[in-house]
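**Q** The structure is given below, and queries will be raised subsequently.
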Amino acid sequence: MRLNRQNDRYLRALLGAAVAVVVLIGSAFVWYAATELVTAPLPLQFDLRPGSSLRAAAQEMERAGVLREPERFVLMARLLGEAKTIKAGSYEVSEPVTPYRLLQKIVQGEVTQATVIFVEGWTFRQIRKVLDEHPDVTHATHGLTDAEILQRLGIEEASPEGLFFPDTYHFARGNSDLRVLRRSHRLMQTHLEAQWAARAPDLPLATPYEALILASIVEKETGREEERPLVAAVFVNRLRKGMLLQADPTVIYGLGETFDGNLRKRDLQADAPYNTYTRTGLPPTPIATPGLASLAVTLNPPASDALNFVSRGDGSSHFSRTLGEHERAVTKYQRSGRR
């Protein structure tokens, strides 16, 4: 009987000690999880590759200066059942963080977003350049021709010009430039289809692609935002009448890299696919990336009988209805006017 009482006391003491150890370990665990990490100077960046294990992720964060005790971090994550739920991507720690908050960051995929901007009026060459020089994209298009890029994107058009919507694109660091281009193309298609569906009746445009071409010309010819609708109206009126568009930017686009900044009379007289001084109708492709404003006014131009405009030299334009009025404006504002 006495032996049983002694055993009971021993078991109770052992149980009490075990409980104390568990409480101690639990308290230490809670303290660790809630205490700000001592890191290298902030901000810090690290990348977690797809398929990385929790241990590999912790080692990467240790190399980046975020963690000093990766084993404790791994134990915490396993105890919380989060060992297999981390998300790949690029991360940034810009302020003091606890281990628990850091774990939530990589579990919830709070990746650092990079940004690239495509500007209205850019050519595809300029879009490619900004992507090629961007440090946060994977350069899958490096060494590819424009035609090969279109093939990779599943785009049937022969030229990439004008097919990508100008906007600010946010993406996780390490994303492919093809992925950014695919988003941009889809956005352009969405806007173009919406504007085409709401177009004014009796426009001299047979397809959405023709609207895209004309919108690109409007984009390049617009000097001031408030004049954009009249610029569109002039070109629509000229198309209706079968007149030459006589748009300098199309000629410049056709000259390509040989253009030295000075458009000469001989350039306007040399027949070529993009010379709208020698050929009626639209050029074969867009000449730049039109923004939403240019798409909208091209497909819903204001009522106007203007057929010409000429730059005043201050960014604004003089619009005229007759050739005589236009020629007088050219004489007034340009010593060697062309339109």
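**Q** Limited to the range 141-162, what total is found for residues that are open to solvent by less than 40 Å² (accessible area, probe 1.4 Å) and either touching a Gly at 6+ places or on another chain (Cβ under 8 Å) or over 20 Å from Pro273 (Cβ atoms) (or both)? Break it down into steps so the answer makes sense when it comes.
**A** Taking the range 141-162 first, the residues open to solvent by less than 40 Å² (accessible area, probe 1.4 Å) are 141, 144, 149-150, 153, 155, 159-162.
This time we only want the ones that are either touching a Gly at 6+ places or on another chain (Cβ under 8 Å) or over 20 Å from Pro273 (Cβ atoms) (or both), so: 141, 144, 149, 153, 155.
Qualifying residue count for the region: 5.
**Q** Please verify whether Ile252 is part of a loop (DSSP other than H, G, I, E, B), β-branched (Val, Ile, Thr) and open to solvent by less than 60 Å² (accessible area, probe 1.4 Å), treating the condition exactly as stated. Can you show your working first?
**A** Values: part of a loop (DSSP other than H, G, I, E, B): no; β-branched (Val, Ile, Thr): yes; open to solvent by less than 60 Å² (accessible area, probe 1.4 Å): yes.
Against the criterion (part of a loop (DSSP other than H, G, I, E, B), β-branched (Val, Ile, Thr) and open to solvent by less than 60 Å² (accessible area, probe 1.4 Å)), Ile252 does not qualify.
**Q** Could I ask something else about it? How many residues, within the range 326-339, are part of a loop (DSSP other than H, G, I, E, B) and exposed (fewer than 14 other Cβ atoms within 10 Å of the Cβ)? Quick ask: steps written out before the conclusion?
**A** Narrowing the range 326-339 to residues part of a loop (DSSP other than H, G, I, E, B): 334-339.
Imposing the further condition that a residue be exposed (fewer than 14 other Cβ atoms within 10 Å of the Cβ) reduces the set to 335-336.
Here the count works out to 2.
**Q** Restricting the range 178-207 to residues that are within 16 Å of Ala232 (Cβ to Cβ) and free of Cβ contacts under 8 Å to residues at least 60 places away in the same chain, which is surrounded by the most Cβ atoms within 10 Å (Cβ to Cβ)?
**A** Checking each candidate, the answer is Pro204.
**Q** Now for a different question. Which members of the range 297-325 meet the condition of being within 33 Å of the chain's Cα centre (by Cα), of a type in the set (S, T, N, Q) and crowded, with 20+ Cβ neighbours inside 10 Å?
**A** If the condition is that a residue be within 33 Å of the chain's Cα centre (by Cα), of a type in the set (S, T, N, Q) and crowded, with 20+ Cβ neighbours inside 10 Å, then Thr298, Ser317 are the ones that fit.
**Q** While we're looking at this one, here's another question. Aliphatic (A, V, I, L, M), open to solvent by 30 Å² or more (accessible area, probe 1.4 Å) and closer than 25 Å to Ser304 by Cα: does that describe Leu245? Quick ask: steps written out before the conclusion?
**A** Numbers: aliphatic (A, V, I, L, M): yes; open to solvent by 30 Å² or more (accessible area, probe 1.4 Å): no; closer than 25 Å to Ser304 by Cα: yes.
Answer is no for this residue.
**Q** Given the criterion at pLDDT 95 or above, in contact with a Lys or Arg (Cβ under 6 Å, 6 or more places away or on another chain) and among the aliphatic types (A, V, I, L, M), identify the matching residue among Leu205, Leu153. Walk me through it before giving the result.
**A** Working: Leu205 fails: in contact with a Lys or Arg (Cβ under 6 Å, 6 or more places away or on another chain).
Residue meeting the stated conditions: Leu153.
**Q** While we're looking at this one, here's another question. Mind checking which residues of the range 256-277 are open to solvent by 40 Å² or more (accessible area, probe 1.4 Å) and either of a type in the set (Asp, Glu) or within 19 Å of Val218 (Cα to Cα) (or both)?
**A** Matches in the range 256-277: Glu257, Asp260, Asp271, Pro273, Tyr274.
**Q** Given (1) under 17 Å from Asp47 (Cβ atoms); (2) open to solvent by 30 Å² or more (accessible area, probe 1.4 Å); (3) in a loop (DSSP other than H, G, I, E, B); (4) free of Cβ contacts under 8 Å to residues at least 60 places away in the same chain, identify the lone condition not met by Glu82.
**A** Result: Glu82 fails condition (1) only.
**Q** Can you name the residue in the range 30-69 that is modelled with pLDDT under 90, out of contact with any Gly (no Cβ under 8 Å at 6 or more places or on another chain) and crowded, with 16+ Cβ neighbours inside 10 Å and is also farthest from Ser94 (Cα to Cα) among such residues?
**A** The selected residue is Ser52.
**Q** Something else about it: Among the residues of the range 274-289, are any polar (S, T, N, Q), farther than 27 Å from Asp167 by Cα, at pLDDT below 95 and assigned to a loop (DSSP other than H, G, I, E, B)?
**A** Taking the range 274-289 as the starting set, the residues that turn out to be polar (S, T, N, Q) are 275-276, 278, 280, 285, 289.
Now narrow it down to the ones that are farther than 27 Å from Asp167 by Cα: 275-276, 278, 280.
Remaining after also requiring at pLDDT below 95: none.
No, the range 274-289 contains no residue that is polar (S, T, N, Q), farther than 27 Å from Asp167 by Cα, at pLDDT below 95 and assigned to a loop (DSSP other than H, G, I, E, B).
**Q** Looking at the range 315-339, which of its residues are modelled with pLDDT under 85 and of a type in the set (Val, Ile, Thr)?
**A** Passing the criteria: Val330, Thr331.
**Q** Among the residues of the range 85-119, write down those that are open to solvent by 40 Å² or more (accessible area, probe 1.4 Å) and touching a His at 6+ places or on another chain (Cβ under 7 Å).
**A** Gln113, Thr115, listed by residue number.
**Q** Among (1) over 20 Å from Gly313 (Cβ atoms); (2) basic (Lys, Arg); (3) in contact (Cβ under 8 Å) with a residue 40 or more places away in the chain; (4) open to solvent by 30 Å² or more (accessible area, probe 1.4 Å), where does Arg238 come up short?
**A** Only one criterion is unmet by Arg238, namely (4).
**Q** A further question follows. If Ser294 satisfies every condition in (1) of a type in the set (Gly, Ala, Ser); (2) part of a loop (DSSP other than H, G, I, E, B); (3) in contact with a helix residue (DSSP H, G or I) (Cβ under 6 Å, 6 or more places away or on another chain) but one, which is the exception?
**A** The single condition Ser294 does not satisfy is (2).
**Q** I've got another one for you. Determine which member of the set Gly121, Gly143 is modelled with pLDDT of 95 or more, of a type in the set (Gly, Ala, Ser) and outside any helix (DSSP H, G or I).
**A** Working: Gly143 fails: modelled with pLDDT of 95 or more.
Just a single option satisfies the conditions, and that option is Gly121.
**Q** Now for a separate question. What about Gly315, is it small (Gly, Ala, Ser), part of a loop (DSSP other than H, G, I, E, B), touching a residue at least 24 places away in the same chain (Cβ under 8 Å) and farther than 20 Å from Glu210 by Cβ? Even if it seems obvious, please write down each step before you answer.
**A** Numbers: small (Gly, Ala, Ser): yes; part of a loop (DSSP other than H, G, I, E, B): yes; touching a residue at least 24 places away in the same chain (Cβ under 8 Å): yes; farther than 20 Å from Glu210 by Cβ: yes.
In short, yes.
**Q** For the range 223-235, give me the residue count where each residue is open to solvent by less than 30 Å² (accessible area, probe 1.4 Å) and farther than 24 Å from Asp271 by Cβ. If you could, list the steps in order and put the result at the bottom.
**A** So in the range 223-235, the residues open to solvent by less than 30 Å² (accessible area, probe 1.4 Å) come out as 227-228, 231-235.
Restricting the remaining residues to those that are farther than 24 Å from Asp271 by Cβ gives 227-228, 231-233.
Total satisfying the criteria: 5.
The values are calculated or read from the model by the stated rules, or taken from the named source; none is laboratory data. Here the structure is a predicted model, which means the values were calculated and not measured. Here Cβ is always computed from backbone atoms with ideal geometry, including for glycine, and neighbour counts include all displayed protein chains. These accessible areas exclude ligands, DNA and RNA; they are computed on the full protein's heavy atoms, side chains included. Shrake-Rupley method; radii C 1.70, N 1.55, O 1.52, S 1.80 Å.
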